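I have placed the structure first, in the form of structure tokens, so that the comments after it can refer back to it.
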Amino acid sequence: MRLSYLIIPLLVLAPQAFAEGLPELGEPSQTTLSPLQEQQLGDSIMREIRADPSYYDDPPLNDYLNNLGYRLISSSRDPQTSLDLFAIQDSEINAFSLPGGYIGVNTGLILLTQNESQLASVLAHEMGHIMQHHIARLLAQQKWSLATSLAGIAVAILAARSNADMAQGALIGSQALATQTQLNFTRQDEQEADRIGFQTLKSAGFDVRAMPAFFERLQKATRFVEGNAPSYLRTHPLTAERIADMENRAQSVPYRQVPPSQDFQFIRARLQAQETPPQDGITFFETNLQEKRYVMESSQRFGLAVAFMRAKNYERADQELSQVRKMAQPSPLIELVAGQIKLGEGKNADTVAIYEAALKNYPEYRPLVYATSNVYLLNHQPQQALNLISDRLQYYPQDYHLYLLQARSYAALDKKLLEHKSQAEAYYLLGNLPGAVEQLQIAQKSGDGDFYQLSAVEARLKELRSLQADSKKQ
């Protein structure tokens, strides 16, 4: 049992959650949890998720998901909503929202969607849950304290990680208490999220017919397979009324043709290549190309290039990528893979040249920044890595990947105080406050660094210790 099965069900078990007084449709839910408490709750759950092996820390994929999320939320009724999308490496079809604007998307769901509008429809639905504060409302109605909520969620996630039977057993007793009103309450939440998601999808310029089409496809695909409903249907119950409501809304909107998204097709092909044994991936993409089973030929050749690269057949990978360049629009993802192919061949200097040229065209594409910094370090050029990272940190001060790379750069330059200070900032952004405090304590004792650097470490340590003390009081 993966953690994504448990996050949403755990929050809807207790029968006292199903009180009257739900907000009117479209009205933001009023809860007793403040925005700060919601954020703390989401951050705490994310600490557990990031520690789980299924957390898929893949910068290109997460960058794509967040760009798609930003496009949707910026067109929504609440464009100031904070979002942080991430992937879970799991073939199960699922997605889930958490307090604090976090949205998890299983790789299985991404591979099942046939176009960007379908994927966007799922994300828009999850944003509806976030904008309506559905989870916070459940917790408030259950009258759980924030600490109790965190403890319950953490126990379930940790149990699932170590012993699936234990996790299931821990839930059975509570599930037995749930009544039909639970299902009704869940349906009302789902209808709210559907309607808000539909409007968001429409405003962002996606194909609104993708929403009912995708959900109906999910339902039909598993209708006759007992006990085989995907996780998404178990945590987001579908009804004929819900699908009919979505279809009626779609019919009321004039048809507009939405062109295929190269970014979606490339990311999906790359994911397919990474989630499949290399030789199976080669066979899959070659078969698609031979039988012309594709929306975009360039995406299949891109996936084939990645599959050949994973099989360490760098010559064929390079040949396929050359074909992609002739067919596709310029893309930083193409340059990223081009550099990876040269790196696999041991041609570090060629990789540096590819990435430096690409950064001139795509300076804000952070996966390329990470890859360039990494190859600088592999090429024994820590100062170049540090210069690049320090520049980008001015624009992205909340990026823990940059701090981790900065720590490696300082380590290569034998600057211990600054190494541990950067490591501390990475841990802090990852929600590991004790680890951040420990790194700053090590930095204090490093024996290097000047007066100003040491003073900065001591000031930051004082600040984090204060945050630690505050968190213990809650």
In the range 32-65, which residues are small (Gly, Ala, Ser) and crowded, with 19+ Cβ neighbours inside 10 Å?
GLY42, SER44
Report, by residue number, each residue of the range 302-323 that is under 25 Å from the mean Cα position of the chain (by Cα) and within 15 Å of THR283 (Cβ to Cβ).
GLY303, LEU304, ALA305, VAL306, ALA307, ARG310
Any chance the range 336-343 includes a residue that's surrounded by fewer than 18 Cβ atoms within 10 Å (Cβ to Cβ) and touching a residue at least 12 places away in the same chain (Cβ under 8 Å)?
no
Candidate set from the range 132-147 (those that are in contact with a helix residue (DSSP H, G or I) (Cβ under 6 Å, 6 or more places away or on another chain) and part of a helix (DSSP H, G or I)); member that is modelled with the lowest pLDDT
LEU146
Could you list all residues from the range 359-387 that are surrounded by 22 or more Cβ atoms within 10 Å (Cβ to Cβ) and touching a Phe, Trp or Tyr at 6+ places or on another chain (Cβ under 8 Å)?
LEU368, ALA371, THR372, VAL375, ALA385, LEU386
Filter result (assigned to a loop (DSSP other than H, G, I, E, B), over 16 Å from ARG270 (Cβ atoms) and either touching a strand residue (DSSP E or B) at 6+ places or on another chain (Cβ under 7 Å) or modelled with pLDDT of 95 or more (or both)) within the range 88-106:
ASP90, GLU92, ILE93, ASN94, GLY101
Which of the following residues is farther than 24 Å from GLU356 by Cα, of a type outside the set (A, V, I, L, M), buried (at least 22 other Cβ atoms within 10 Å of the Cβ) and not assigned by TED's automatic domain parsing to the domain that holds LEU119: ARG270, ARG301?
ARG301
Mind telling me which of the residues LEU85, LEU68 ends up being in a strand (DSSP E or B), in the same structural domain as GLY108 (by TED's automatic domain parsing) and either buried (at least 16 other Cβ atoms within 10 Å of the Cβ) or not hydrophobic (A, V, I, L, M, F, W, C) (or both)?
LEU85
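For the range 444-459, state whether one or more residues are closer than 25 Å to ALA51 by Cα, free of Cβ contacts under 8 Å to residues at least 40 places away in the same chain and of a type outside the set (Phe, Trp, Tyr).
For the range 444-459, residues closer than 25 Å to ALA51 by Cα, free of Cβ contacts under 8 Å to residues at least 40 places away in the same chain and of a type outside the set (Phe, Trp, Tyr): absent.
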Please work out which one of (1) aromatic (Phe, Trp, Tyr); (2) closer than 22 Å to TYR102 by Cα; (3) buried (at least 20 other Cβ atoms within 10 Å of the Cβ) is the condition TYR396 fails and give its number.
(3)
Kindly establish whether MET296 is touching a Ser or Thr at 6+ places or on another chain (Cβ under 6 Å) and surrounded by fewer than 20 Cβ atoms within 10 Å (Cβ to Cβ).
no
So PHE285 fits all but one of (1) in a helix (DSSP H, G or I); (2) under 28 Å from the mean Cα position of the chain (by Cα); (3) touching a residue at least 24 places away in the same chain (Cβ under 8 Å); what number is the exception?
(3)
Here is a check on your reading of the model: is ASP448 at positive phi, surrounded by fewer than 19 Cβ atoms within 10 Å (Cβ to Cβ) and not in a helix (DSSP H, G or I)?
no
All conditions in (1) touching a Ser or Thr at 6+ places or on another chain (Cβ under 9 Å); (2) of a type in the set (Lys, Arg); (3) within 22 Å of GLY431 (Cα to Cα) are true of ARG50 except (1)
Tell me whether the range 463-470 contains one or more residues that are of a type in the set (Gly, Ala, Ser), exposed (fewer than 10 other Cβ atoms within 10 Å of the Cβ) and not assigned by TED's automatic domain parsing to the domain that holds PRO397.
yes
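The values are calculated or read from the model by the stated rules, or taken from the named source; none is laboratory data. It should be emphasised that the depicted structure is a prediction, and the values quoted were computed from it without experimental measurement. With ideal geometry, Cβ positions are generated from the backbone for all residues, glycine too; neighbour counts draw on all protein chains shown.
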